[in-house]
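**Student:** My structure is below; once you've seen it, I'll send some questions.
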Amino acid sequence: MMSLRKRKIPTVINYSLVVLIFVGTALRASDSPPNILIAISDDQSWPHASAYGNRSTQTPAFDRIAREGVLCNNAFVAYPSCSPSRASLLTGRYPWQIEHAGNFSSSFPPKYPVYPDILEDAGYWVGYTGKGWGPGDWRGTGRLRNPSGTEYNRFKNPSPDGISPNDYTRNFEAFLEKRPHRKPFVFWFGATEPHRRYKDGIGIDSGKQLDEAEVPVFLPDSPVVRSDILDYSVEIEWFDKHLGRMLDLLEERGELENTLVVVTSDNGMPFPRAKSNVYEYGLHVPMAIMWPKRIPGGRVLDDMISFVDLAPTFLEAAKAKHPGVFPIAGRSLMTVLESKRQGLVDPMRDSIVAGRERHGSARDKNYGYPQRVIRTRDYIYLRNFEPSFWPAGQPQDYDYDGTLRPMHQAYYDIDASPSKSLLVSKREDPVIADYFNLAMAKRPAEELYDIRNDPACVNNLVNAPEYATVKDELRSRLDRELKETDDARLTGDPNVFRTYKRLVRGHRLPDPDDLNPGPIEAIEVPIRERKGGELPPDSKAGVSIVIEVLAGEKDCRETQLSIDIPEPLLGHPSFELVRVDDSKSITLTERRGAAKSRILVWSLQDTLAAHQTRRFRLRPIDSPAFSLPRDKQAEVDPSSEGPPWVYIIHGLD
Ligand SMILES: [Ca+2]
């Protein structure tokens, strides 16, 4: 199948388009260029606006834009976290096409043109308030200001705990007041809501009801999660209130008619398995667009829209020319927006691609969790390029004093929140464990979800035979799109993404090359038959096995290993555990350097054979950090002077 986002228009149609463009230009020769206002919230998933029918969130300003313009049902970011998502919006290029700007909290090479600069060259007045491009550091790159424009953040207003004191509207007004006469403007309103932190319980305190919260099925339906969602709704409403005031301000000045307004968000909701994930609740964002003078209102669009399509839309609306270097990958939406039709206006807009590298400081060496995804109208197919990594970040980090903190306190790709704390603290609860694993456990190399039946992306169909054709088709489509857009994940050296350094201080985490593929379920210690030779003097006739568990050279906290012994053997007169107080466990206590513990199992060979016991299993108890290369899980020590069945297990590094 051909690439659907880069098709060529047949020549015949080209001629008629040229004619139409000339006629249109002639008709609007006296038109002044439009103002452009983009309002971008921080971490808001589709469908959390009242225009989409969401019950807990009232967004009259968003709804007004949707009513007087278009409501977009299928808008997607190109990367489910702040700075790379914003960079793709600013450049119109995919995150893998903009080097450092396409990784989280890095820099923004000045060679990549951004639409605010291009519009400024075309005569626009350019500014932003709140959060522009970020987090990251554009200084030292040669850029003279934030890529989103000139900063207007001076005015503050009283705000509830957890919400920015930035008086966004007043700052927008200050920007307008400074504007030279007759200049069109392009303004970026970057609210820091609904980014966390939230005031716990602000949703309920402001009169919202727990039963209004719509809990995605990847989260447990508990009062804690419901309340967390209501707090999130309150922050969205704060953003919307300021947006409403900005619209009023433009209306009072008689400027709304010729302003192209886009409202959207940079990534999905800051909850486990949402933000920073390339699933629906990470990628799919609300979007409404109005331009009373040019866009027929009251329509709902089903076209698949990517963030890379916004910059070319703005440039076309403003009739500004891209300088040509590092050209835009997206396609202008103007034809779709100016159409009078609704639903799927441009049938070629039937999929988007997106990706992810690093999000938080969640893995040692600042490694990310590389993923690429294609989202069609019906499916999400995605690839995890490092399935041995933890998708939400390593479970454990170091404290300030250098000691390793307890397990499950990290997972820094998920924002600290009541919902996250619930999953972590109740992970042993069989009900919560499923949700915990959905968010935190390792994932296979490929995933496939049927969005029509599973918008929460919880039923991975990648191995379902009836979806094999769909999977193969989407896999090759994704490959083709990535190759066409020159993604180093496929076409170059994937290590290049690791060279885009994180410039903001992060957490200290254990080296993932030491902690290898994560928690192991069990180590199997085979029982080998003695072949000749003398039995050690202190052994009883039969089989005796010494298992030594050696800690490595690094810190290890207390770790317990249990030994699984088939029930009939326990209590059997010819079977005994020695030196471990019959506790069936080995405990290694926190210490530096090698820790060592022994377990001696004695039995008559016949007894083991009778119970078909050929191997013992050692299982870590609540210690996913216990992990080691599979080929070194258990090895016989040939130099051992003890019984010939000493198994040395290296681990706990
Ligand atoms: Ca964000």
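The values are calculated or read from the model by the stated rules, or taken from the named source; none is laboratory data. Since the model is a prediction, treat every value here as computed from it, not as a measurement. Heads up, the Cβs are rebuilt from the backbone with ideal geometry, glycines too, and the neighbour counts pull from every protein chain shown.
**Student:** Only one of (1) modelled with pLDDT under 95; (2) within 25 Å of Ala468 (Cα to Cα); (3) surrounded by 16 or more Cβ atoms within 10 Å (Cβ to Cβ) is not met by Ser388, so which one is it?
**Tutor:** (3)
**Student:** So which residues in the range 369-422 are among the aliphatic types (A, V, I, L, M) and over 30 Å from Pro347 (Cβ atoms), if there are any at all?
**Tutor:** Residues of the range 369-422 among the aliphatic types (A, V, I, L, M): 373-374, 380, 382, 392, 404, 407, 410, 414, 416, 422.
Selection gives Ala392, Leu404, Met407, Ala410, Ile414, Ala416, Leu422.
**Student:** Something else: Taking the stated definitions as given, is Phe189 outside any helix (DSSP H, G or I), within 16 Å of Tyr128 (Cβ to Cβ) and among the aromatic types (Phe, Trp, Tyr)?
**Tutor:** Considered against the rule, which asks whether it is outside any helix (DSSP H, G or I), within 16 Å of Tyr128 (Cβ to Cβ) and among the aromatic types (Phe, Trp, Tyr), Phe189 comes out as yes.
**Student:** Hey, another quick one. Filter the strands (runs of 3 or more DSSP E) completely within the range 310-410 down to those with at least 3 residues that are hydrophobic (A, V, I, L, M, F, W, C) and closer than 22 Å to Ile40 by Cα. Walk me through it before giving the result.
**Tutor:** Working: elements: 351-356, 371-376, 379-384.
By residue number, 351-356.
**Student:** Right, another one. Every residue in the range 394-409 that is buried (at least 16 other Cβ atoms within 10 Å of the Cβ) and either among the aromatic types (Phe, Trp, Tyr) or at pLDDT 95 or above (or both), please.
**Tutor:** Tyr398
**Student:** Among Ala66, Ala75, which is aliphatic (A, V, I, L, M) and either within 20 Å of Val373 (Cβ to Cβ) or within 15 Å of the ligand (Cβ to nearest atom) (or both)?
**Tutor:** Only one candidate passes the filter, namely Ala75.
**Student:** Of all residues in the range 202-227, which are part of a loop (DSSP other than H, G, I, E, B) and farther than 30 Å from Ala441 by Cβ? Even if it seems obvious, please write down each step before you answer.
**Tutor:** Step one: of the range 202-227, the residues part of a loop (DSSP other than H, G, I, E, B) are 206-209, 213-222.
Scanning the range 202-227 gives Ser206, Gly207, Lys208, Gln209.
**Student:** Across the range 245-272, what is the total count of residues that are within 16 Å of the ligand (Cβ to nearest atom) and either aliphatic (A, V, I, L, M) or assigned to a loop (DSSP other than H, G, I, E, B) (or both)?
**Tutor:** Here the count works out to 8.
**Student:** Still on this model: Specify which of the listed residues (Pro109, Pro135, Pro113, Pro80) is within 15 Å of the ligand (Cβ to nearest atom), surrounded by fewer than 24 Cβ atoms within 10 Å (Cβ to Cβ) and of a type outside the set (S, T, N, Q).
**Tutor:** Every option except Pro135 fails the conditions.
**Student:** Mind listing just one residue for me: the one in the range 148-171 that is touching a residue at least 60 places away in the same chain (Cβ under 8 Å) and not in a loop (DSSP other than H, G, I, E, B) and, of those, nearest to the chain's Cα centre (by Cα)?
**Tutor:** So, considering only residues that are touching a residue at least 60 places away in the same chain (Cβ under 8 Å) and not in a loop (DSSP other than H, G, I, E, B), the one nearest to the chain's Cα centre (by Cα) is Tyr168.
**Student:** A further question on this structure: Identify, from the list Leu474, Leu509, the residue that is surrounded by 15 or more Cβ atoms within 10 Å (Cβ to Cβ) and in contact with a helix residue (DSSP H, G or I) (Cβ under 6 Å, 6 or more places away or on another chain).
**Tutor:** On the way: Leu474 fails: in contact with a helix residue (DSSP H, G or I) (Cβ under 6 Å, 6 or more places away or on another chain).
Going through Leu474, Leu509 in turn, the sole match is Leu509.
**Student:** Kindly list the number of the only condition in (1) out of contact with any Pro (no Cβ under 6 Å at 6 or more places or on another chain); (2) aliphatic (A, V, I, L, M); (3) surrounded by 15 or more Cβ atoms within 10 Å (Cβ to Cβ) that fails for Ile414.
**Tutor:** Evaluating Ile414 over (1) out of contact with any Pro (no Cβ under 6 Å at 6 or more places or on another chain); (2) aliphatic (A, V, I, L, M); (3) surrounded by 15 or more Cβ atoms within 10 Å (Cβ to Cβ) leaves (1) as the failure.
**Student:** Right, here's the next one. Out of curiosity, is Arg299 at pLDDT 95 or above, among the basic types (Lys, Arg) and within 16 Å of the ligand (Cβ to nearest atom)?
**Tutor:** Judged against the criteria, Arg299 is not a match.
**Student:** Something else now. Taking the condition in contact with a strand residue (DSSP E or B) (Cβ under 8 Å, 6 or more places away or on another chain) and touching a residue at least 40 places away in the same chain (Cβ under 8 Å), does Tyr124 pass?
**Tutor:** Numbers: in contact with a strand residue (DSSP E or B) (Cβ under 8 Å, 6 or more places away or on another chain): yes; touching a residue at least 40 places away in the same chain (Cβ under 8 Å): yes.
It is true that Tyr124 is in contact with a strand residue (DSSP E or B) (Cβ under 8 Å, 6 or more places away or on another chain) and touching a residue at least 40 places away in the same chain (Cβ under 8 Å).
**Student:** Moving on to the next point. Out of everything in the range 235-245 that is of a type in the set (A, V, I, L, M, F, W, C) and crowded, with 24+ Cβ neighbours inside 10 Å, what residue ends up being nearest to Ile65 (Cα to Cα)?
**Tutor:** It comes out as Leu243.
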